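Report on the structure given below.
The values are calculated or read from the model by the stated rules, or taken from the named source; none is laboratory data. Treat the numbers as computed from the prediction; the structure is a model and nothing was measured. As a convention, Cβ positions derive from the backbone with ideal geometry for all residues, glycine included, and neighbour counts pool all protein chains shown. Please note that ligands, DNA and RNA were not included when accessible areas were found on the heavy atoms of the full protein model with its side chains. Shrake-Rupley method; radii C 1.70, N 1.55, O 1.52, S 1.80 Å.
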Amino acid sequence: MMRRALFVLALLGAALPAAAGEIAPSERRSGYDFMSSDTKAMQDDDTANPGMLSVLDGDTLWNTKAGAANKSCSDCHGDVSVSMKGATARYPAFNATSATPIDLGQRVNLCRTQHQEAAPLAPESSELLALTALIAKQSRGMPIIAGDDARLATSIARGRELFFQREGQLNIACSNCHDDNADRHLAGSAITQGQPTGYPIYRLEWQGMGSLQRRIRGCMTGVRAQAFDFDAADMIALELYLMSRAHGMKMDAPAVRP
Amino acid sequence: MAAALVNVPAKAKRGAVIEIKTLMSHVMETGYRHTAAGEVVPRDIITSFICRFNGTEIFRADLFPAIAANPFLSFFTTASESGRFEFEWIGDNGFVANATASITVE
């Protein structure tokens, strides 16, 4: 009954005022806002932001021919700064062939398998992160519009259900931290609202790049739940819900996060 | 060749103090970590960084295992004449990477 009520609420989503505990649109803050001035300075300077190293690698890959078709990304898409402008702000997006939402990494891999006739890149591989970082950078400063497609409504509703679903040995939901206690601290670190504005990110704790999926898996392991597999349908639904929750917020990829 | 980002002002007034910023892609594996199976992950770090201006060494740094991945180094020098900066990173397992940048001093 409760699930059904949430589902209906989610479908009505945008039309309703935020329920208790949820963050009002005007109160939303990117993870950037929670960072120290030193970490902000690192992100803002393209020669200090280590995510830019990944973007550089991505630029090389973009122009490298691959697969049996011997085609590079640029052979079809041309200049990345033109063709990929704003692309990341739309993802996860609806894929008509599979009739499911797919995230940016999956989109890159579809291109690899279908058009380049190459093996898909492994989740969290440096190549996939480099290409997605390069593509995500082209949406810097643009508002997130993922989830606008009406065909995504059921997936967003599923993602929302997962966001409020208590889980793991600690029996807490995403919302318990990122809605209810977003302005507080956990073991000295800011909890933040969980707004996915800058993925893939360079996370100082990881000493490397990672996708939103890796970040979500880290949270799930943290509450001692069984983390979703990479690219699982529920993982994509949760990514999609988070992006739709951040609707209109400005992208700042590749972001640096503590 | 590992990716490097170098930021040197393209132009400077003679005698001005300029900042040079370098970012090098490297894992900086400490050698103190173990895999899940208990094996030591071998050390793999950058051990030294050298900056030369028109062939003369102007800055050098030794790096150690406690330094984070993708080392970022920033330092200052005085713009005396136009020329070329050469940067060199040397590390474990024969790691060598180079970058260059030019400056015009007016």
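Worth a mention:
- Chain lengthening between A:Ala122 and A:Leu110 when straightened (0.36 nm per residue, less Cα-Cα): 3.1 nm
- Listed by chain and number, the aspartates and glutamates placed with their C-alpha closer than 15 angstrom to that of A:Lys40 are A:Asp252; residues fewer than eight positions away on the same chain are left out.
- Computed from Cα atoms, the angle from the helix A:126-137 axis to the main principal axis of chain A rounds to 80 degrees.
- Going from the chain on its own to the full set of protein chains, segment A:34-52 has these residues losing 50 Å² or more of accessible surface (heavy atoms, 1.4 Å probe, no ligands, DNA or RNA): A:Thr47.
- Of all DSSP beta bridges confined to the protein assembly as shown, the antiparallel ones make up roughly 90%.
- The protein assembly as shown - percent of accessible surface contributed by carbon and sulfur, probe 1.4 Å: 54
- Heavy atoms of chains A and B lose about 1000 Å² of accessible surface on contact, summed over both sides with a 1.4 Å probe.
- Computed with a 1.4 Å probe over protein heavy atoms only, the accessible surface of chain A comes to 48 Å² per residue.
- Given R0 = 25 Å, the distance between the Cβ atoms of A:Asp79 and A:Ala41 translates into a calculated FRET efficiency of 0.25.
- Extending 7 Å from Cα along the Cβ direction at B:Asn98 and again at B:Glu19 yields two label points whose distance is 2.9 nm.
- Enclosing the Cα atoms of segment A:103-258 in their convex hull gives a volume equal to 117 cubic angstrom per residue.
- Shielding of B:61-71 by partner chains, average beta-carbon count, 10 Å: 2
- Nearby lysines by direct alpha-carbon distance to A:Lys71 (threshold 24 angstrom, same-chain neighbours under 8 apart not counted): A:Lys85, A:Lys137
- A 1.4 Å probe run over the protein chains yields, for segment B:4-105, 53 Å² of accessible area per residue, whole-number rounding.
- Once you divide the Cα radius of gyration of segment A:51-137 by 2.2 N^0.38 Å, the number left is 1.01.
- Alpha-carbon gyration tensor eigenvalues x 5, square-rooted, for segment B:4-105, Å: 33, 11, 10
- Using just its DSSP H runs of length 4 or more, each adding -39500 (n - 2.57), the protein assembly as shown gives a mean residue ellipticity at 222 nm of -8000 deg cm²/dmol after division by all residues.
- More than 32 Å apart - percent of Cα-Cα pairs taken over the protein assembly as shown: 40
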